[in-house]
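Values in this text are rule-based calculations from the coordinates and carry no lab data. On a predicted model such as this, the values are computed, not experimentally measured, just so you know. Don't worry about glycine lacking a Cβ; one is built from the backbone with ideal geometry, like all the others, and counts go over all protein chains shown.
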Amino acid sequence: MKYSLRFLVAAAPLLLAACVPQQVVRNKGDATSIAQQDAREQQLASANHWTLVGRLAVSTGSDAGGGNLTWTQNGDRYEFELRAPITGRSFRLSGGPGGAVLEGLDGGPQRGPNAEALMQRALGWDVPLDELRAWVLGVRASGSNADMSFGNDHLLSMLQQDGWSVSYITWDATQKPPLPTLIRAQKNPFMVKLVVQSWNLQ
């Protein structure tokens, strides 16, 4: 049985509509763009301990949810805390190689072998969290080929991988290396939008 997302749905339209895309120029990348992306990926290859704070919205085509997100990554272990800004209700997804636990929904904690299977069963969210761990940093996920496009600033503008199109709309260039601050990932009928308010890489 999938749980309703109505306790989060009020925020989703605002989050999905927020921040009109700014980076619209896309090209397949010259030598400078590709070299810069390769360098970023090498720098971030060992970035396994970080926290981001922001806002997340997810649409399944027939349902939607969203709220304020804190994502903490500690090696292979992760914790997502999502809080609806209007109702204050929240849920927490945590886990690692041994499985995942989803807390905060009616009926008590739900457990699964991994985050993807658990979110699909409990919420109907078919979201590739393993790949998102890479995409949120603006790098390619391992295991499959990817097509890349770049903006005039030589930063990644779009990444197409595993059937998903990931758009990088704004970046925080003060981070070394630069990190994305507005990301939209889409694979019909699913869409995920993440607005990052702060990054903390350890």
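Worth a mention:
- All-pairs alpha carbon distance profile, the stretch 47-145, 5 Å steps from 0, percent: 3, 12, 22, 27, 22, 11, 3, 1, 0
- With the convex hull of its Cα atoms as the shape, the stretch 25-84 has an orientation-averaged projected area of 6.5 nm².
- Simple spin-label estimate for I86 and V53 gives 2.4 nm between the two label positions (7 Å along the Cα-to-Cβ direction from each Cα).
- Value of Rg/Rh across the stretch 73-123 [Cα atoms, Kirkwood radius]: 0.99
- FRET efficiency for N188 and L105, using Cβ-Cβ distance with R0 set to 30 Å, rounded to 0.05: 0.70
- Neighbour-count order for T181, T32, fewest beta carbons within 10 angstrom listed first: T32, T181
- FRET efficiency, 1/(1 + (r/R0)^6) with R0 25 Å, evaluated for Q175 and R77 via beta carbons: 0.60
- Helix 31-44 axis, angle to the chain major axis (alpha carbon atoms, nearest 10°): 40 degrees
- Calculated FRET value between Q160 and S94, using beta carbons and R₀ = 25 Å, to 0.05: 0.25
- Mean residue ellipticity (222 nm) of the chain, computed from DSSP H runs ≥ 4 via -39,500 (n - 2.57), nearest 500: -5500 deg cm²/dmol
- Alpha-carbon Debye profile of the chain, log10 I(q)/I(0) at 0.07, 0.12, 0.15, 0.18 Å⁻¹: -0.20, -0.59, -0.93, -1.35
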